[in-house]
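Undergrad: For reference, the structure I am asking about is given below.
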Amino acid sequence: MNLTNRKDIHDLMTVYGIAPRKKYGQNFLTDTGVLDEIVASAELSGEDVALEIGPGLGALTERLARAAGKVIAVEIDDGLIPLLKGTLSDYGNVSLIHGDVMKMDLDALCDEHAPGKKLHVVANLPYYITTPIVLMLLEHGDRISDVTVMIQKEVAQRMQAEPGSKEYGALSLAVQYYCDPEIVCRVSPDSFYPAPEVESVVIRLRGRETPRVTVDDEKLMFDLIRATFNMRRKTMPNALMSAGRGFTREQVEKALKDMGKEVTVRGETFSLEEFAMLTGLLTSKTLH
């Protein structure tokens, strides 16, 4: 059974009485060149443990099983579990888990399947939930080595966006704080079955040994970032009043002035370094 041949895919799904489900954003990658490039860019060795989120029919999983020492494949769709058990039956190093990765205890998953190791995430992510999954993975940087994933082109552009651009936002800052994002390749809709209505890219997020900036209160910085971009049309003082951290307008305005900024500035112009500086000023004793 060729898991990249459209007729074989159709026949296989007919046997199991299933079809691609829009609910789970199922667009199965059929381009063997792209599949091979994903695995190559992940730079896996026989000692590595790969985490695949949404294995689909198993085309990428097969390649990961040949490249890595172990593969943890997490599939939310109960209809695909029997099919995957069949297509992956020859690979004894694949652990197939039925469940929602967003509801799983990732630390427990690592402890059970990859004790003492960091996971290499490699996946064709469901586009409807890409951002929450990526943010969740970034928050577990102590358990994740790197992330190589297929995502919607627009989301990749947001990850790499610079201050002042329309794509720039909280996702840009989170990714660039924890990782060095790199576009591996661009993928046309024709590379999938069924074809999605958007263009895709493979992006690799290499975890940094240390975050890009030094900040005393990481949680506060991201609270400020979220508040800023939740109300991106408002000035910084107005937006930050909604952060719920108890700062007064006077404190925010004083911090901005200390940075040489006008109080009418908007957060979409702030770099990661400037958000870190603002966080430091707001937590300094001079403001309390």
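The values are calculated or read from the model by the stated rules, or taken from the named source; none is laboratory data. Nothing here was measured: the structure is a model prediction, and the numbers come from that model. With ligands, DNA and RNA removed, areas are computed over all heavy atoms of the protein, side chains included. Shrake-Rupley method; radii C 1.70, N 1.55, O 1.52, S 1.80 Å.
Undergrad: Students often get this wrong, so try it: which of (1) 67, 41, 29; (2) 61, 59, 38; (3) 58, 55, 29 is Cα extents along the principal axes in Å as calculated from the structure shown?
TA: (1)
Undergrad: State the percentage of accessible surface on segment 190-258 attributable to carbon and sulfur atoms; use a 1.4 Å probe and exclude ligands, DNA and RNA.
TA: 42
Undergrad: Can you give the accessible area of Leu3, probe radius 1.4 Å, in Å² rounded to 10?
TA: Only protein atoms counted, so the area is about 10 Å².
Undergrad: Leaving out ligands, DNA and RNA, what percent of the accessible area of segment 1-152 is carbon and sulfur, probe 1.4 Å?
TA: 49
Undergrad: So which residue, out of Lys254, Lys23, Lys85, gets the largest mean-square fluctuation from a GNM of the chain using Cα contacts under 10 Å as springs?
TA: Lys23
Undergrad: Whole number in Å², please: accessible area per residue of segment 1-153, 1.4 Å probe, ligands, DNA and RNA not counted.
TA: 43
Undergrad: With a 1.4 Å probe and all protein chains in place, put Glu154, Glu43, Glu112, Glu52 in order of accessible area, largest first.
TA: From most accessible down to least: Glu112, Glu43, Glu154, Glu52.
Undergrad: Further question: Specify the residue with the greatest mean-square fluctuation among Glu167, Glu197, Glu268, computed from a Gaussian network of the chain linking alpha-carbon atoms under 10 Å apart.
TA: Glu197
Undergrad: A further question follows. Determine ³J(HN,Hα), in whole Hz, for all residues of segment 232-242 in sequence, where each value follows from phi through the Karplus function 6.51 cos²θ - 1.76 cosθ + 1.60 and θ = phi - 60°; x replaces Gly and Pro.
TA: My calculation for segment 232-242 gives 5, 7, 8, 5, 4, x, 5, 5, 6, 5, 8 Hz in order.
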